[in-house]
Amino acid sequence: MALTPMMQQYFEIKEKHKDCILFFRLGDFYEMFFEDAETASRELELVLTGRDCGMEKRAPMCGIPFHSSEGYVARLVEKGYKVAICEQVEDPSKAKGIVKRDVIKIVTPGTLIDSNLLEDTRNNFIASVYVLEDRFSLSFCDISTGEFLTTSSFNSYFKAIDEMSKFSPAEIILVETKFSLKINLEKLIKSKFNLLINKVDEYSYTEDSLVDFDISNIKEEEKISSGILYSYIKETQKGSLSHVLKVERYDLENYMMLDSTSRKNLELTETIRGKSKKGSLIGALDKTKTPMGGRLLRKWIEEPLVKIDEINLRLEVVEEFIDNLNAAGDFKEFLSGVYDIERITSKISSGAVLPKDMVSLKNSLSLLPDIKESLSMCRSLALTKMHEEFDTLGDIHSLISSSIMDSPSLQIKEGNIIKDGYSIEVDELREAMQKGKQWIMDIESREREETGIKSLKVSYNKVFGYYIEVTKSNLSSVPENRYIRKQTLANCERYITEELKTIEEKVLGAEEKIKVIEYNLYQEIREKVALEIERILKTAKIIATIDVLLSFSEASFENGYVKPIISKDDVIDIKEGRHPVVERVIDGVFVPNCTYLNNASDTISIITGPNMAGKSTYMRQVALITLMAQIGCFVPASSAVIGIVDRIFTRIGASDDLSLGQSTFMVEMAEVSNILTNATRNSLVILDEVGRGTSTYDGLSIAWAVVDYIANSIGCKTLFATHYHELTELEEKIQGVKNYCISVKEHGEDIIFLRKIVPGGADKSYGIQVAKLAGLPDKVIDLSKTILQRLEENDINNKNTQSSKKIEPLKSNKGQLSLFDANSEDKGYEARSIDKENSKDIISKKERDVLKEIENIDIINMTPLDAINYIYKLKEKLKSK
Ligand code: ADP
Ligand code: MG
């Protein structure tokens with residue numbers, strides 16, 4: 001059997017777009033066939049039918065009406081599919097043989113420009129990654145705003161992934177090389193991101209793929225990731241990308257480095273639990289008025305600065321806005337009227353811009369002179385510079401306001417777009433249409449008079465055009481010689497006349513003609529504006545910057561933040577600091593706390609205190625205050641001196657990374673290892689209960705060694721919260737270590753949290769009191785008190801009988817502190833406080849316990865890694881006999 005010609009055409013096109021769902025235009029429908037049809041019918045809940053196409057079996061098929069395709073495309077793209085839109089590219093009525101069809105664009109998650117599918121205050125990036133030996137280069141593009149960035153300063157996969165996570169791309173191009181295959185980069189990416197991965201061969205890169213740009217300062221490997229990315233985008237858009245003005249390379253050294261775990265832990269842009277903006281830092285700081293400002297704020301929070309001058313430029317503006325509330329109020333009012341200029345620009349460039357977008361642009365532009373005027377009255381350096389550079393785009397404003405109606409049609413091919421007075425041709429045709437309508441009304445009254453039929457009327461419908469309608473009772477008065485009968489209805493007859501048809505031609509002809517002319521004029525105007533995109537985007541950037549600084553000032557004013565002093569010295573000195581998010585959500589009063597850190601006498605704070613005392617909150621607050629200062633915002637404190645920090649690392653809480661099949665403890669250790677290898681003397685490290693994920697002695701040993709390593713090999717400012725009270729002994733042993741605890745007050749048998757951090761270590765855990773507060777049954781509380789008492793008595797007896805009363809760190813060969821003598825391994829841990837007399841008892845009980853545990857293991861539901869960890873734990877348990 002031979003394929004039908006249409007099916008042949010289908011296969012030719014599908015062959016070129018194998019990785020897409022092909023929307024194949026047939027009349028008023030987009031049809032999908034074969035596998036595409038099966039996927040689409042499943043994902044979109046469409047009825048699967050079939051079509052004879054010259055093959056043995058009917059081809060599975062499903063379809064959607066073309067005019068409602070947008071929603072369907074959006075749903076598929078959201079689910080991570082790519083959709084190729086194949087249109088009829090010639091007029092079907094004029095086609096000889098089969099109508100020509102071609103793919104006019106490919107819609108993919110990372111290349112959307114339709115603002116209905118995008119979140120206002122979030123960029124939509126597509127990323128590309130290229131690896132040559134151990135050198136990674138990355139490129140990112142948001143075609144809805146025209147940003148195109150590239151960088152390459154990584155030597156490890158982890159850093160590249162961290163950088164990528166900053167952009168949270170919607171789609172990725174993986175350039176396949178020998179090296180990407182060797183490290184199985186695809187799998188690594190999949191384990192971190194849930195997104196569409198396109199694999200592209202490195203040889204598809206050609207020298208001229210970046211001809212549109214000045215690439216003189218772009219490094220070789222960056223050219224490859226950028227070139228391949230740009231070619232891909234061009235392929236999907238098929239249209240102009242004139243709003244993508246430049247490939248901008250950036251250096252990581254210009255920003256504070258934050259790895260993905262630290263970002264997550266500090267809840268910068270979303271909360272850990274609910275993934276919501278509310279409850280995150282950005283939630284507290286976002287008062288932006290424009291979508292552009294919203295996106296820039298996110299970027300600033302993700303990329304704190306490290307250069308004092310740049311930070312001070314921002315802080316100075318925030319201060320000026322706070323000091324001059326009138327000016328700030330004016331700006332706020334003007335900015336509230338500004339639409340998403342950046343995204344409108346991308347639509348202008350691609351041709352997808354609607355007349356109403358042009359009106360939004362015009363309305364935004366009309367505010368620019370006011371904004372410039374307000375800028376002229378500002379004093380701070382950054383605002384003065386913005387004033388100098390501010391282009392009010394008056395020419396573009398007058399072009400649009402003189403040419404496009406204030407409430408134009410929603411379509412671009414239906415006329416009603418061009419303003420009266422802009423084009424003589426349009427004006428004349430409009431007049432003809434107007435007149436024509438008058439002529440028709442004239443005909444109606446004349447015919448009434450001539451025939452004497454009072455109810456005679458002239459009407460219009462799409463099938464017959466204009467006609468004269470006469471009711472049955474008046475038929476005898478119809479002048480049969482002039483009237484031509486067209487249609488008979490139950491109670492009337494419809495006629496046309498020669499005259500009516502001549503005028504109709506003029507009226508309807510004008511209407512068709514004017515639609516075409518208006519469409520062409522509209523395209524001309526669009527192209528004229530497109531030539532000025534660079535200027536528009538420059539002004540948009542200034543507006544976004546003002547918006548973010550204004551947002552900082554508003555949040556700072558509302559929440560009582562102060563201007564931090566940014567310092568070259570290695571000090572962090574915060575007086576009465578608060579947590580910017582927690583202070584807004586707790587019921588009671590937030591208790592402020594001070595912090596003093598430097599790189600000599602006060603480098604590492606060991607923070608102890610019962611559960612729920614506020615350790616984690618305190619440490620995060622120090623990290624957040626530092627970060628806020630470095631993005632140029634005021635900070636929640638009564639005063640703050642912040643010596644620039646190059647990186648912030650945080651390891652907070654224990655969470656299972658199940659997607660990677662890693663145990664909590666493995667994750668914890670991997671992250672600590674990341675910190676220890678990447679932190680520098682100028683970093684700020686926050687460690688919260690490190691070592692918790694394993695047995696007590698293991699955990700304590702690791703915690704101890706980590707502090708030792710940080711103190712001796714890195715020397716960076718560190719806050720270390722721990723439940724191992726033993727660590728407080730380090731204060732005496734290591735220079736720069738200071739003990740702090742969060743105070744509580746005993747009140748009879750209960751405790752009251754004072755939330756105040758004070759020098760010194762906590763001596764008790766108050767675990768039982770906290771458990772009581774949490775509502776554990778009285779019986780359990782009472783029993784645990786008895787057990788605790790017994791254990792403590794045991795401990796005292798022990799200490800009296802054993803020679804080693806304390807955990808005594810020993811100097812190892814390398815001269816570093818170590819918790820245990822390397823040779824003492826076989827003897828077991830000397831520091832252990834086990835009553836040797838009773839050890840027999842304990843051993844047999846332990847063995848019983850272990851056996852019981854083994855009996856209850858749910859092996860089926862364990863990963864091999866879990867099993868190893870589990871066996872390790874059991875072994876540890878047995879070893880302690
Ligand atoms: P920890 O880490 O010591 O267990 P958290 O930092 O998680 O304690 O704090 C527990 C709770 O205490 C927080 O959720 C918050 O509601 C409250 N809290 C913490 N710090 C303060 C503070 N400085 N002032 C008032 N309440 C606080
Ligand atoms: Mg905690």
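Checked across segment 67-75, the condition of being open to solvent by less than 10 Å² (accessible area, probe 1.4 Å) and not polar (S, T, N, Q) holds for no residue. In this structure, does Glu792 turn out to be at pLDDT 75 or above and either charged (D, E, K, R) or outside any loop (DSSP other than H, G, I, E, B) (or both)? Taking the combined requirement at face value, the residue does not satisfy it.
Conditions (1) open to solvent by 20 Å² or more (accessible area, probe 1.4 Å); (2) out of contact with any helix residue (DSSP H, G or I) (no Cβ under 7 Å at 6 or more places or on another chain); (3) more than 30 Å from Ile710 (Cα to Cα), marked per residue:
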{"site": "Ile533", "(1), (2), (3)": "no, no, yes"}
{"site": "Phe552", "(1), (2), (3)": "no, no, yes"}
{"site": "Glu558", "(1), (2), (3)": "yes, yes, yes"}
{"site": "Lys563", "(1), (2), (3)": "yes, no, yes"}
{"site": "Ser567", "(1), (2), (3)": "no, yes, no"}
{"site": "Glu583", "(1), (2), (3)": "yes, yes, yes"}
{"site": "Thr608", "(1), (2), (3)": "no, no, no"}
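Only residues that are open to solvent by 40 Å² or more (accessible area, probe 1.4 Å) and either within 14 Å of ligand 1 (Cβ to nearest atom) or assigned to a helix (DSSP H, G or I) (or both) were counted across segment 770-789, and they come to 13. For Arg647, state whether it is in contact with a His (Cβ under 9 Å, 6 or more places away or on another chain) and either more than 16 Å from ligand 2 (Cβ to nearest atom) or within 27 Å of Glu554 (Cβ to Cβ) (or both). Against the criterion (in contact with a His (Cβ under 9 Å, 6 or more places away or on another chain) and either more than 16 Å from ligand 2 (Cβ to nearest atom) or within 27 Å of Glu554 (Cβ to Cβ) (or both)), Arg647 does not qualify. Taken over segment 440-480, the residue count meeting the criterion of being open to solvent by 60 Å² or more (accessible area, probe 1.4 Å) and in contact (Cβ under 8 Å) with a residue 24 or more places away in the chain is 1.
Does segment 33-41 contain at least one residue that is farther than 23 Å from Ile348 by Cα and assigned to a strand (DSSP E or B)? The answer is yes; a qualifying residue exists.
I'd like to check something: does segment 697-720 contain any residue that is within 16 Å of ligand 1 (Cβ to nearest atom) and β-branched (Val, Ile, Thr)? No, that holds for no residue.
Once segment 186-220 is narrowed to residues that are within 17 Å of Phe167 (Cβ to Cβ) and not charged (D, E, K, R), the residue that is surrounded by the fewest Cβ atoms within 10 Å (Cβ to Cβ) is Asn194. Annotation: of all residues in segment 589-643 being aromatic (Phe, Trp, Tyr) and within 30 Å of the chain's Cα centre (by Cα), the one that is farthest from Ile751 (Cα to Cα) is Phe634. The lone criterion from (1) loosely packed, with under 14 Cβ neighbours inside 10 Å; (2) assigned to a strand (DSSP E or B) left unmet by Ala127 is number (1). Scanning segment 150-170 for residues that are under 30 Å from Ile348 (Cβ atoms) and over 16 Å from the mean Cα position of the chain (by Cα) gives Thr150, Thr151.
In segment 695-722, the qualifying residues are those that are of a type in the set (Val, Ile, Thr) and under 36 Å from the mean Cα position of the chain (by Cα), and the one that is nearest to Asp573 (Cα to Cα) is Thr718. In segment 617-640, the qualifying residues are those that are assigned to a loop (DSSP other than H, G, I, E, B) and open to solvent by 10 Å² or more (accessible area, probe 1.4 Å), and the one that is nearest to ligand 2 (Cβ to nearest atom) is Ser638. Against the test of being more than 30 Å from Ser459 (Cα to Cα), of a type outside the set (Lys, Arg) and part of a helix (DSSP H, G or I), the options Thr595, Thr545 yield a single qualifying residue, Thr545. When Tyr495, Tyr483, Tyr519 are checked against the criterion of being outside the structural domain of Val359 (by TED's automatic domain parsing), in contact (Cβ under 8 Å) with a residue 40 or more places away in the chain and among the aromatic types (Phe, Trp, Tyr), Tyr519 stands alone in meeting it. Selection of segment 676-708 for residues being assigned to a loop (DSSP other than H, G, I, E, B) and open to solvent by 10 Å² or more (accessible area, probe 1.4 Å) yields Ala679, Thr680, Arg681, Asn682, Glu689, Arg692, Gly693, Thr694, Ser695.
Here's the yes/no breakdown for (1) in a loop (DSSP other than H, G, I, E, B); (2) under 20 Å from Ile197 (Cα atoms); (3) free of Cβ contacts under 8 Å to residues at least 12 places away in the same chain:
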residue	(1), (2), (3)
Glu31	no, no, no
Val47	yes, no, no
Gly50	no, no, yes
Glu56	yes, no, no
Cys62	no, no, no
Ser69	no, no, no
Val73	no, yes, no
Val77	no, yes, no
Glu90	yes, no, yes
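For segment 709-721, the criterion of being more than 16 Å from ligand 2 (Cβ to nearest atom), surrounded by fewer than 18 Cβ atoms within 10 Å (Cβ to Cβ) and not polar (S, T, N, Q) is met by at least one residue.
Does Ala613 satisfy being open to solvent by less than 40 Å² (accessible area, probe 1.4 Å), within 14 Å of ligand 2 (Cβ to nearest atom) and in a loop (DSSP other than H, G, I, E, B)? So Ala613 fits the description; yes.
Yes or no: segment 656-666 includes at least one residue that is farther than 29 Å from Asn254 by Cβ, within 16 Å of ligand 2 (Cβ to nearest atom), assigned to a helix (DSSP H, G or I) and modelled with pLDDT under 95. So far as segment 656-666 goes, yes, one or more of its residues are farther than 29 Å from Asn254 by Cβ, within 16 Å of ligand 2 (Cβ to nearest atom), assigned to a helix (DSSP H, G or I) and modelled with pLDDT under 95.
Among the residues of segment 557-590, the ones that are within 16 Å of ligand 2 (Cβ to nearest atom) and touching a residue at least 12 places away in the same chain (Cβ under 8 Å) come to 3 in all. In the condition set (1) more than 18 Å from the chain's Cα centre (by Cα); (2) open to solvent by less than 30 Å² (accessible area, probe 1.4 Å), Arg263 is compliant with all but (1).
Residues in segment 1-29 that are in a loop (DSSP other than H, G, I, E, B) and either farther than 21 Å from Leu196 by Cα or touching a residue at least 40 places away in the same chain (Cβ under 8 Å) (or both): Met1, Ala2, Leu3, Thr4, His17, Asp19, Cys20, Gly27, Asp28. Would you mind stating whether Phe136 is touching a residue at least 12 places away in the same chain (Cβ under 8 Å) and buried (at least 22 other Cβ atoms within 10 Å of the Cβ)? So Phe136 passes the test. Selection of segment 826-878 for residues being part of a helix (DSSP H, G or I), at pLDDT 50 or above and among the β-branched types (Val, Ile, Thr) yields Ile843, Val850, Ile854, Ile859, Ile860, Ile868, Ile871. If you go through segment 147-183 and keep only what is open to solvent by 10 Å² or more (accessible area, probe 1.4 Å) and closer than 22 Å to Leu118 by Cβ, you end up with Glu147, Leu149, Ser165, Lys166, Phe167, Ser168, Pro169, Ala170.
Does Phe29 fit the bill of being open to solvent by 10 Å² or more (accessible area, probe 1.4 Å) and farther than 28 Å from Ile113 by Cβ? Against the criterion (open to solvent by 10 Å² or more (accessible area, probe 1.4 Å) and farther than 28 Å from Ile113 by Cβ), Phe29 does not qualify.
The values are calculated or read from the model by the stated rules, or taken from the named source; none is laboratory data. All values derive from a computational prediction rather than experimental measurement. Positions of Cβ are backbone-derived with ideal geometry, glycine not excepted, and every protein chain shown enters the neighbour counts. Ligands, DNA and RNA are excluded from the accessible area calculation, which covers all protein heavy atoms including side chains. Shrake-Rupley method; radii C 1.70, N 1.55, O 1.52, S 1.80 Å.
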